[in-house]
Each structure stands twice: as structure tokens, then as C-alpha cells.
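Here it is, the structure, as C-alpha cells.
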Amino acid sequence: MVNPVYAPAADRYENGMAYRRCGRSGVLLPEVSLGLWHNFGDVNPLSNSLAMAHYAFDHGITHFDLANNYGPSYGSAEETFGQIMKKSFRPYRDELFVATKAGYDMWPGPYGNWGSRKYLMASLDQSLKRMGLDYVDLFYTHRYDPDTPLEETLQALVDIVRQGKALYVGISRYPASAAEKAYRYLAERDVHCLIYQGRYNLFDRAPEEQGILDQAHHHGVGFIGFSPLAQGLLTSRYLQGVPEDSRMAQGRFLKRETLTEAVAAKIKALNEVATERGQTLAEMALAWVLANEKVTSVIVGASSVAQLEDNLKALRKPGFTRQELERIETICRLPDGGK
Ligand SMILES: NC(=O)c1ccc[n+]([C@@H]2O[C@H](COP(=O)([O-])OP(=O)(O)OC[C@H]3O[C@@H](n4cnc5c(N)ncnc54)[C@H](OP(=O)(O)O)[C@@H]3O)[C@@H](O)[C@H]2O)c1
């Protein structure tokens, strides 16, 4: 049987998605972006990855967030994305905003990690091959490298843009002091930093507390929040224990120890607030992040189309009353009960 050719939904831009300007730039990003950290590796069925990518694009998600080592195995999420490009997305390349990154452990030896020019340049070339792309829209240094001169990392970004291999550059997980230097260094070379990527959710307020959001805003740099659902904690996933097929059951990035009795009680209490608002907990958690105008987009992960569908309902965003916000704050500030 010949596979049917993918035809995206004709109403994909009138389906409820809103787009926000990314800092002081010409780029608009969807309020919800899709991350390929999990569930797009060579251990996952291609049919499910393909279905999620189609559902995303059909609902106005134009931004796909990758990194060199997403999988498992390393590189395989980019290979999966390459297959999705080939099977479905090739005619729509100009409607897509594709990001990748380098900065974590990727290949053995001294040149496959951190922030050297040697690593970033080689890694991006590999990423382009795996995804079957001529360029990425956005290339990130995935983390701050305290041992490489920051100028070396940043100049590599400048040169990558000049080579046309990335249209824009961004930084991820940089401490505020290094971010400040990065914004200035790049601006002085006419390569404006497009975006800062950091973890931001009801349980992790670091971007507010460390001044990252205000700093990005001040420099005209967008902010995109990753793990807005705290890897699934801020959803209905763990309301009744740990399901067999969940990220926590795999135990690699989300450990069972995280779900203390106190955290389980917090999740239940937040779920009650969400239910009273007529939302799922996932919807409410995403709506809460998006209520902050300094946030350009949230990058969600999903293991099924149904989860993605649930998450996109957050775009309906009924506003929060002051009482709801206070209740949410009180719950979130309760101790986690861990070690
Ligand atoms: N820059 C960085 O260093 C960095 C670090 C981490 C992530 N990221 C980016 O951010 C993206 C998102 O991160 P994340 O996957 O941790 O995000 P997340 O949205 O906080 O968590 C996603 C997980 O939550 C569960 N989930 C999602 N929607 C659900 C729903 N409606 N109902 C029930 N469960 C739901 C699923 O878990 P199950 O799999 O258990 O079903 C899903 O895999 C990544 O793909 C990556 O692109 C970047």
C-alpha cells in the first residue's frame, strides 16, 4: 500500500494558536512549541512521533525544539525529525522554525562536549546532516562552559550565522552574569541574541528569582520556557501513583524520589484548583506560565497526541483571579519533603 501523502490542516493558522514576538526581532513564535527531547528517539515508534509532529503542525505549532543528543540514542531525535521532514514537512520548510543545540555530552573524546568552537561547529554540521536541512532557524549553546573563554563560544555562534548555517542564535541555561556578557558580545557583532531558554514552571521559579526574565526583556531577547509541566509532575500523570509507561517509571531524568508524599499532596491541591477552573492540571500549569508577558513560548513534551491535544487547550487561557493566584502560590510554597 502506498502511504498517503501528508496534507496539513488548511485551518492550521486559525485553530486557536497565538504567536508572540520573540524579543526585539522579526520572529514570531507559537505560544506552545514542541520539544523532541523524549519520545522521538530510535527507541520510540516512528508512527507515534510522526502523528505528534503532524498534530502539532496542524494546530499551528511551527516551532520544533531539538538538540544534538536528544533520543535515545544520541542524535536519533534529529534523525527522526529528518524522516518527518522527508515524509511530510519538506514542502513546508519555510513555515517551520527549527532549533537545535550543542553543549552536552555527544561523542567520546575531548571535542564532543561543552562549549569549544571545535565542538559547536562540528556538532551543527552533524545535526544538519541528520535532519536533512541546509540550515537551522535557531542554534543554541546548550549550557555555559566555565572552562572555555566565553568569547570563543560566542564567536563560534557569530561565525555560524555568517556561514548561513543558522539564521538566529540563542543561549540556554546560562547564569545571569554570563548571559549579560553574551547579549553584549553578540550585539556588538550585529548578531542579536534571539532567545534565552530556561526551565520555568509552577515548581521552578529560577528565571524570575535570578532575574533572567527581566534581563532578557531588557536586552530585547525572547524567553522560552522548557519543562513547563515539570516533566509531567504538573499533569494528571502522577495523581494515582506512577504509571508503568511514564517518564518517572523510566527513572532516567525524573526520579521516583521526586514524588514525595508532600509533592503528591501539592499536585493534588493544584489539581483541585484546576478542576474548579474547569481545566486539567496541565492546561492550568501552561496557562500560568503563559500569563507572564515576558515569556515568548513554552516548549512542551508529549508522549501521545492526546497529551498534546490536552496541552493545546491551555491556549484558551481563562485569566486567573487574584484569589486563584494566591491559592496557587500558597500550595507551591509548601515544602517538598525531600532530603
Ligand atoms: N535547554 C535545556 O537544557 C532543556 C532541558 C530539558 C528540556 N528542554 C526542551 O523542553 C522540551 C520539553 O521538556 P519536557 O519534556 O521536560 O516538558 P514537560 O512538558 O514539562 O513534560 C513533558 C512530559 O509530561 C507528560 N505530559 C505532557 N503533557 C501531558 C498531559 N497533557 N497529561 C499528562 N501528562 C503529560 C509526558 O510524560 P510521559 O512521557 O510520562 O507521558 C511528557 O513526556 C524538551 O523536549 C526539550 O525540547 C530543554
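So what is the relative contact order for the stretch 62-127, in percent, with contacts set as C-alpha pairs under 8 Å and at least six apart?
That works out to 35 percent.
Suppose we keep just the DSSP beta bridges with both residues in the chain; what percent of those would be antiparallel, to 5?
10
Restricting to lysine pairs 8 or more places apart or on different chains, what number in the stretch 185-339 have Cα atoms under 25 Å apart?
11
Between LEU239 and LEU46, what FRET efficiency follows from the Cβ-Cβ distance if R0 is 35 Å, with the result rounded to 0.05?
0.70
Using the count of nearby Cβ atoms within 10 Å as a rough guide to exposure, how do TRP107, TRP114 rank from fewest to most?
TRP107, TRP114
How many nm is it between the label spots at ASN292 and LYS268, if each spot is 7 Å from the Cα in line with the beta carbon?
About 2.9 nm separates the two model spin labels.
For Cα pairs less than 8 Å apart in space and 6+ apart in sequence, what is the mean separation divided by the residue count of the chain, i.e. the relative contact order in percent?
Normalised by residue count, the contact order of the chain is 17 percent.
Let me ask something additional. For CYS193, CYS22, what ranking results if the residue with the fewest other Cβ atoms within 10 Å of its Cβ goes first?
By the 10 Å Cβ count, ascending, the order reads CYS22, CYS193.
Still on this structure: Using a simple charge model, +1 on the beta-carbon of Lys and Arg, -1 on the beta-carbon of Asp and Glu, nothing else, what dipole does the stretch 220-271 show about its Cα centre, in debye to the nearest 20?
Roughly 60 debye for the stretch 220-271.
Can I ask one more? What order do you get for LEU254, LEU28 when you list them from fewest to most C-beta neighbours inside 10 Å?
Ascending number of Cβ neighbours within 10 Å: LEU28, LEU254.
Which value results when the Cα radius of gyration for the chain is divided by 2.2 N^0.38 Å?
0.97
Of PRO149, PHE226, VAL273, whose Cα points farthest to the positive end of the dipole of the chain (charges on the beta-carbon: +1 Lys, Arg; -1 Asp, Glu; origin at the Cα centre)?
PRO149
Grab the Cα-Cα distance for TYR111 and GLN250, subtract it from 0.36 nm times how many residues apart they are, and report the gain in nm with one decimal.
That works out to 47.1 nm of additional length.
Which shape class, rounded, prolate or oblate, goes with the stretch 1-59 when its Cα gyration tensor gives a ≥ b ≥ c as root eigenvalues, a/c under 1.5 marks rounded, and past that a/b bigger than b/c marks prolate?
Note, shape of the stretch 1-59 comes out oblate.
Put a dot 7 Å past each Cα toward the Cβ at LYS87 and GLN126; how far apart are the dots in nm?
Those two pseudo-labels are separated by 2.5 nm.
Evaluate the distance, in nm, between pseudo-label points positioned 7 Å from the Cα of ALA206 and of ARG189 along their respective Cα→Cβ axes.
Here the answer is 2.6 nm between the modelled labels.
Separate question: What is the packing order of peptides 45-54, 132-141, taking the mean over residues of other C-beta atoms within 10 Å and listing the highest first?
Top of the packing list down: 132-141, 45-54.
Any idea which of MET131, ALA302, SER33 is furthest toward the positive side of the dipole for the chain, if Lys and Arg beta-carbons carry +1 and Asp and Glu beta-carbons -1?
Working it through, the farthest residue towards the positive pole turns out to be MET131.
When a/c reaches 1.5 or more, the comparison of a/b and b/c decides; with that in mind, is the stretch 232-339 rounded, prolate or oblate per its Cα gyration tensor?
oblate
Evaluate the charge dipole of the chain about its Cα centre and quote only its size in Debye, nearest 20, assuming +1 on the Cβ of each Lys and Arg and -1 on the Cβ of each Asp and Glu.
Once rounded to the nearest 20, the dipole reads 140 debye.
No lab work stands behind these numbers, since they all come straight from the coordinates. Everything numeric in this text was worked out from a predicted model, so none of it was measured. We place every Cβ from the backbone using ideal geometry, glycine too, and count neighbours over all the protein chains shown.
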